[in-house]
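Got a structure for you, questions after.
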Amino acid sequence: MEAAAFDARVPQPEGEENLIEAAKQIVKALGSGKNLTDDARKILADLGTQLSTINIISEDKDGDIGELEAQLDAIQEKIANWEADQSMIWDSGPDEAGEYMNVTLEAQRLIERLENFCPDGGGGDDAGRRDLLRRAHDVLQMAMARLEQEFTHLLVQNQLPFERDNVASFRSNEDDGLDFNSFVSNGDDLEDPSIRDSSVSRSWEELAIDMVHPDAIPDLRDIAELMFVSGYGHECTQAYITVRRDALDECLFILEMEKLSIEDVLKLEWGSLNSKIKKWIRALKQFVRVYLASESFLSEQIFGQLEQSSWSVCFIEASKGSMLQLLNFGEAISIGPHKPEKLFPILDMYETLSGMIPDLDSLYASGAGSCVRTDCHELQRRLGDSVRAAFLEFENAIATSTSTIAFAGGGIHHLTRYVMNYLNTLTDYQESLNYLLKDHNRQNAVVMSPDLAPSTRQEDDASGEPAADDYATMALHFRSVTSILECNLDDKSRLYRDPSLQHVFMMNNVHYMAQKVKNSAALRHVFKDEWIRKRNWKFQQHAMSYERATWSSVLSLLKDEGNSHPGSVSKAQLRDRLKNFYVAFEDVYRTQTSWNIPDAQLREDLRISTSLKVIQAYRMFIGRHTNSIGDRHVRYSADDLQNYLLDLYEGSQMSLHNPHRR
């Protein structure tokens, strides 16, 4: 700093030595005069003092250059000796590392002093000084190159392994995910969709890890500071970025994220793709909440006190490649076919990414991170579009589901199970769906769903249960879906030749829909009790229609015509009517034991209702005409018939000639 002060205090014009010599002669001549005033003597004395000082400083400067050259020789020798040794300096211990840092710092300070001694022009001694300065820069460059190697070595050697325990704690078992193909066969046994992976709610601080051993951080920070002060900040940050980029790539590998192109993803079979989507969701959660946050903190620890934003640039450049890998997979999913079975995985991806957006916006808040933020938000939009497309495809799939063969036994059609379990699971995504489906295809939904007509809404208002705003969009679309389903079921019922079986089929399916909504708090909140009451009324109407279609003709054989009394009908006619009743009953028994009413309560209710009508009519007929008919023509007692009625609707055909008794 003395050299700098010297330059600021005394300018060095060209030909300064001649000027100084002339000034000396003037001072001597004037000093010998006897007639000078006191003021003149004082001025000349000051001038002499200043000129003497200039001369002394010049002499000192020449002495300092020699000293600096000797100092540079010593520094160069030390650094060359370390360079000849192939072992890493920081592996030799803190004393050796500290000595190297001190020597390098001496070289950096020596350059500062030499730069102050070297003017822009001049020749002679100045040329020698510039040569010395160039030598010093070469020595410093050698030291910086070695520091860059040591910095890289410290980063690599002290990198802590990505703990598999952390990975396991954050993952949800791959086998625990919903198998959406199972909606068709066993959707009623699906796990409650409200049971979600709770790990997403855990703050990253609870799961944060040290990316590099904490003991190495002070050394890394010191090296970075010295390299920045010496003008080698770019080399330092590039070394950091290279090492940490590879480390984060390794992290994604441990998280089982393969490097796949968009074309590779689009070629995957659904089973493999679904598995990779689950891995992507798990990887994104942990990568952002744990590893990226920890990586950002590491960059700040090392570079936070240096040039403004240098730490954030290091973090962004080191991590954006890994983020791009994750985003590319998401983009491939968003542009793939939007089949109904993909709706749930895409919704999971959308919600996972949406949950990470605040973290990502914070991590990439600086200008250098704008490209990552933009890509994340763009993928969120694309996934949202894919959700809407898949939901519309779901509606279309229901509307266009056709059959050429009647569903065996008139039971609950697999389409009904599929749709209702599908809707039940969708309720777990109500916030996302309400946002994504809002005002989307609204007019078509109203047209296709008579339940959403204004009159129905007024009824809801009158019942004191208006649709909550949070559920309004879902209610609109869900009711539209169930209306489409009912229309499709009505078409399928026409495949049965027997009108009774048509009603049993509709009764089973509408009852299933009503019970599914009634037994699900989420669905009930969406559909409301008025919707359930209407479906209850519908399936009860189908039950009564079934009874009329099946038993009216059978029971008519037991009714007396007009005001006839026991003696007005011949014994032969009574016996024929009883015989025909038995034939009709046995035919119903043989046929309807193969029919299926899966719900035990519904099956029991229909048996009781049927039994009341049939047994009462039979007892009255036998009681009134027992003398005319004779015991030998009474084939079954009332208790027998009542027991036989218990065999109906079990889905296993039996015959009264050899009935399978319980």
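What number of residues in region 298-333 are among the hydrophobic types (A, V, I, L, M, F, W, C), open to solvent by 40 Å² or more (accessible area, probe 1.4 Å) and modelled with pLDDT of 90 or more?
Matching residues across region 298-333 total 2.
One residue is enough: does region 80-90 have a residue meeting the conditions open to solvent by 60 Å² or more (accessible area, probe 1.4 Å), within 21 Å of Ala216 (Cα to Cα) and modelled with pLDDT of 90 or more?
no
Go through the residues of region 578-597 one by one and say whether even a single one is in a helix (DSSP H, G or I), under 18 Å from Leu641 (Cβ atoms) and acidic (Asp, Glu).
Yes, region 578-597 has at least one match.
Just checking, which of Asp461, Asp451 is assigned to a helix (DSSP H, G or I) and either modelled with pLDDT of 95 or more or crowded, with 16+ Cβ neighbours inside 10 Å (or both)?
When all the criteria are applied, what remains is Asp451.
While we're here: Go through (1) among the acidic types (Asp, Glu); (2) within 25 Å of Gly98 (Cβ to Cβ); (3) not in a helix (DSSP H, G or I) for Asp222 and report which single condition fails.
(3)
Give region 264-321 a look and list any residue that's closer than 22 Å to Gly231 by Cβ and without any contact (Cβ under 8 Å) to a residue 24 or more places away in the chain, or say none.
Gly304, Gln308, Trp311
Let me ask you something else. Within region 372-389, how many residues are closer than 23 Å to Glu317 by Cβ and open to solvent by 60 Å² or more (accessible area, probe 1.4 Å)?
Result for region 372-389: 5.
Where residues in region 240-276 are among the aromatic types (Phe, Trp, Tyr) and modelled with pLDDT of 90 or more, which of them is most open to solvent (accessible area, probe 1.4 Å)?
Among those residues, the one meeting the criterion is Phe253.
Within the set of pairs 6 or more residues apart or between chains, which connect a residue that is touching a residue at least 24 places away in the same chain (Cβ under 8 Å) inside region 484-495 to a residue that is charged (D, E, K, R) with Cβ atoms less than 8 Å apart?
Here the result reads Ile484/Glu395, each pair linking region 484-495 to a residue that is charged (D, E, K, R).
What residue, of Leu51, Leu30, Leu114, is of a type in the set (A, V, I, L, M, F, W, C) and either touching a strand residue (DSSP E or B) at 6+ places or on another chain (Cβ under 6 Å) or at pLDDT 80 or above (or both)?
Among Leu51, Leu30, Leu114, only Leu114 is of a type in the set (A, V, I, L, M, F, W, C) and either touching a strand residue (DSSP E or B) at 6+ places or on another chain (Cβ under 6 Å) or at pLDDT 80 or above (or both).
Is there any pair with a first residue in region 357-384 that is touching a residue at least 60 places away in the same chain (Cβ under 8 Å) and a second that is open to solvent by less than 60 Å² (accessible area, probe 1.4 Å) and part of a helix (DSSP H, G or I) whose Cβ atoms are under 6 Å apart and which are 6 or more apart or on different chains, and what are they?
Hits for this filter: Asp359/Val288; Leu360/Cys376; Leu363/Leu292; Leu363/Ser296.
Just to be sure I understand, how many residues within region 485-508 are surrounded by fewer than 22 Cβ atoms within 10 Å (Cβ to Cβ) and of a type in the set (Val, Ile, Thr)?
0
Cβ contacts < 6 Å: first residue farther than 17 Å from Met506 by Cβ, restricted to region 396-409; second residue at pLDDT below 95 and hydroxyl-bearing (Ser, Thr, Tyr), any location; separation 6+ or different chain. Result?
none
From the residues in region 631-650 that are without any contact (Cβ under 8 Å) to a residue 24 or more places away in the chain and outside any loop (DSSP other than H, G, I, E, B), which one is most open to solvent (accessible area, probe 1.4 Å)?
The qualifying residue most open to solvent (accessible area, probe 1.4 Å) is Arg632.
I've got another one for you. So which helices (runs of 4 or more DSSP H) stay within region 326-428 end to end and still have 1 or more residues that are in contact with a helix residue (DSSP H, G or I) (Cβ under 6 Å, 6 or more places away or on another chain) and over 30 Å from Cys251 (Cα atoms)?
In region 326-428, 370-399, 414-426 are the helices (runs of 4 or more DSSP H) which contain 1 or more residues that are in contact with a helix residue (DSSP H, G or I) (Cβ under 6 Å, 6 or more places away or on another chain) and over 30 Å from Cys251 (Cα atoms).
Please find, among Leu343, Leu392, the residue that is crowded, with 22+ Cβ neighbours inside 10 Å and either within 21 Å of Leu426 (Cα to Cα) or of a type in the set (S, T, N, Q) (or both).
Leu343
Please pick out the residue among Ser628, Ser609 that is open to solvent by less than 50 Å² (accessible area, probe 1.4 Å), over 19 Å from Leu578 (Cβ atoms), polar (S, T, N, Q) and assigned to a helix (DSSP H, G or I).
Ser609
Given the conditions (1) part of a loop (DSSP other than H, G, I, E, B); (2) open to solvent by 20 Å² or more (accessible area, probe 1.4 Å); (3) touching a helix residue (DSSP H, G or I) at 6+ places or on another chain (Cβ under 6 Å), report the number of the one that Lys559 does not fulfil.
The one condition Lys559 does not meet is (3).
The values are calculated or read from the model by the stated rules, or taken from the named source; none is laboratory data. For clarity, every value in this text was computed on a predicted model and none was experimentally measured. Note that we place each Cβ from the backbone using ideal geometry, even for glycine, and neighbour counts take in every protein chain shown. Side chains are part of the model used for accessible areas, which takes the heavy atoms of the whole protein and leaves out ligands, DNA and RNA. Shrake-Rupley method; radii C 1.70, N 1.55, O 1.52, S 1.80 Å.
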